[in-house]
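Structure, as structure tokens:
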Amino acid sequence: SETALRAARKKGASGFSAYSAHQEELFETRWEMLSILKEGLKEGWYTLYYQPKIRVKDRKVVGFESLLRLNIPRRGIYPPAKFIPLLEESGLIVPVGEWVLAETCKLIRDNRLDLSDPLVFSINVSPTQLREEGFVERFQEIIELFQVDPRRLRLEITENALIDGTEQMIKKLMALADLGLSLSIDDFGTGFSSLAYLKRLPFSYLKIDYTFVFGVPDNREDVDIIRAIMDLARNFGKKTVAEGVERKEQLIFLAGLGVDEVQGFYFAKPMPEAEVKDFLKAYRSENFFW
Ligand code: C2E
Ligand code: MG
Ligand code: MG
Ligand code: MG
């Protein structure tokens with residue numbers, strides 16, 4: 001039982017020693033954490049924050065990224081770094097990921113953000129989800145259930161998920177693209193995806209990882225890496241998104257290199273639904289950012 005587990009842990013039972021400090025501070029035990037992650041699905045503790053993406057060409061907000069949070073009653077709101085590893089390990093990321101898609105579809109269908117343009121919503125898909133049997137079919141069912149135009153959705157898949165690019169995975173990615181979804185390679189530059197995949201896989205966007213955006217325009221290495229990514233993108237006919245843009249000089253530099261879309265704290269932190277309308281109004285009414 002849970003009590004027994006807690007008692008064992010207090011005595012220093014070895015089974016718990018593997019937990020990292022950040023998990024310790026959140027939950028007493030892995031058991032408690034897992035039960036909260038499961039309960040959260042039934043109780044509605046998962047919630048989405050939205051971070052805008054801005055198209056450089058016309059400076060318009062062209063979409064948002066849905067980012068998962070866990071809102072535990074009387075404890076507060078937790079970022080994904082604190083719980084996604086266990087969601088992945090336990091397989092719970094599959095139902096939670098379906099919830100993320102469904103919630104995003106509902107938001108689009110009901111136009112809860114009062115959007116006048118058909119903005120595109122990006123959601124993150126993890127390697128575990130991608131490997132799951134029936135993943136494409138489930139996503140298709142959900143999109144059809146809410147009757148959302150698939151062109152309103154973009155899937156962000158981390159580059160690392162593509163390393164073991166099996167035929168099966170390639171088929172799944174093709175099927176997703178055939179549904180009309182656009183695909184983006186997330187955290188691009190941090191993994192080891194082979195260049196052959198860039199040609200073979202149906203991705204339309206490369207999302208440049210924030211670790212390279214961090215040092216521009218001053219850090220020579222970061223500048224070189226981003227230039228190389230831009231060359232790749234041009235040669236392979238991919239669009240580019242830069243994440244983690246925090247300062248104006250980063251924005252100016254990236255715009256100068258021809259990056260298509262930018263996203264980061266400079267424009268807005270990820271925010272709850274209730275704040276998005278105010279953000280959009282404020283964004284339209286000032287040219288402050290540029
Ligand atoms: P990601 O997809 O690379 O998302 C970008 C992360 O960078 C977000 O962290 C965002 O809040 C943060 N960020 C955005 N702009 C800035 C900036 O200017 N500066 C800095 N320092 N950070 C910035 P978040 O929301 O904590 O998400 C972390 C990661 O968790 C995501 O990385 C993604 O891999 C994963 N994740 C989030 N939501 C989901 C989800 O629904 N499903 C899955 N499978 N993974 C998710
Ligand atoms: Mg992402
Ligand atoms: Mg990213
Ligand atoms: Mg990243």
Flagged in region 131-152 as over 24 Å from GLU89 (Cβ atoms) and either touching a residue at least 60 places away in the same chain (Cβ under 8 Å) or of a type in the set (A, V, I, L, M) (or both), in numbering order, are ILE143, LEU145, VAL148
The condition from (1) more than 16 Å from ligand 1 (Cβ to nearest atom); (2) free of Cβ contacts under 8 Å to residues at least 40 places away in the same chain; (3) closer than 29 Å to ASP110 by Cβ that ASP164 misses is numbered (3)
Of (1) modelled with pLDDT of 95 or more; (2) in a helix (DSSP H, G or I), GLU25 fails just (1)
Among residues of region 239-258 being more than 16 Å from ligand 2 (Cβ to nearest atom) and within 26 Å of SER194 (Cβ to Cβ), the residue surrounded by the most Cβ atoms within 10 Å (Cβ to Cβ) is LEU254
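Okay, residues lined up against (1) within 10 Å of ligand 1 (Cβ to nearest atom); (2) over 26 Å from GLU32 (Cα atoms):
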| position | (1), (2) |
| --- | --- |
| ARG59 | no, yes |
| PRO73 | no, no |
| GLU89 | no, no |
| VAL120 | no, yes |
| THR128 | yes, no |
Of the residues in region 198-235, those that are open to solvent by 60 Å² or more (accessible area, probe 1.4 Å), assigned to a helix (DSSP H, G or I) and either within 18 Å of ARG55 (Cβ to Cβ) or more than 16 Å from ligand 3 (Cβ to nearest atom) (or both) come to LYS199, ARG200, ARG220, GLU221, ASP224, ARG227, ASP231, ARG234, ASN235
Among helices (runs of 4 or more DSSP H) entirely inside region 80-196, those with 2 or more residues being more than 23 Å from TYR50 (Cβ to Cβ) and either away from ligand 3 (no atom under 16 Å from the Cβ) or open to solvent by less than 10 Å² (accessible area, probe 1.4 Å) (or both) are 84-90, 127-131, 135-145, 167-179
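The values are calculated or read from the model by the stated rules, or taken from the named source; none is laboratory data. All of these numbers come straight from a predicted model, not from anything done at the bench. Note that each Cβ is placed from the backbone with ideal geometry, even for glycine, and that neighbours are counted across all protein chains shown. Protein only, heavy atoms only, side chains kept; ligands, DNA and RNA dropped before computing areas. Shrake-Rupley method; radii C 1.70, N 1.55, O 1.52, S 1.80 Å.
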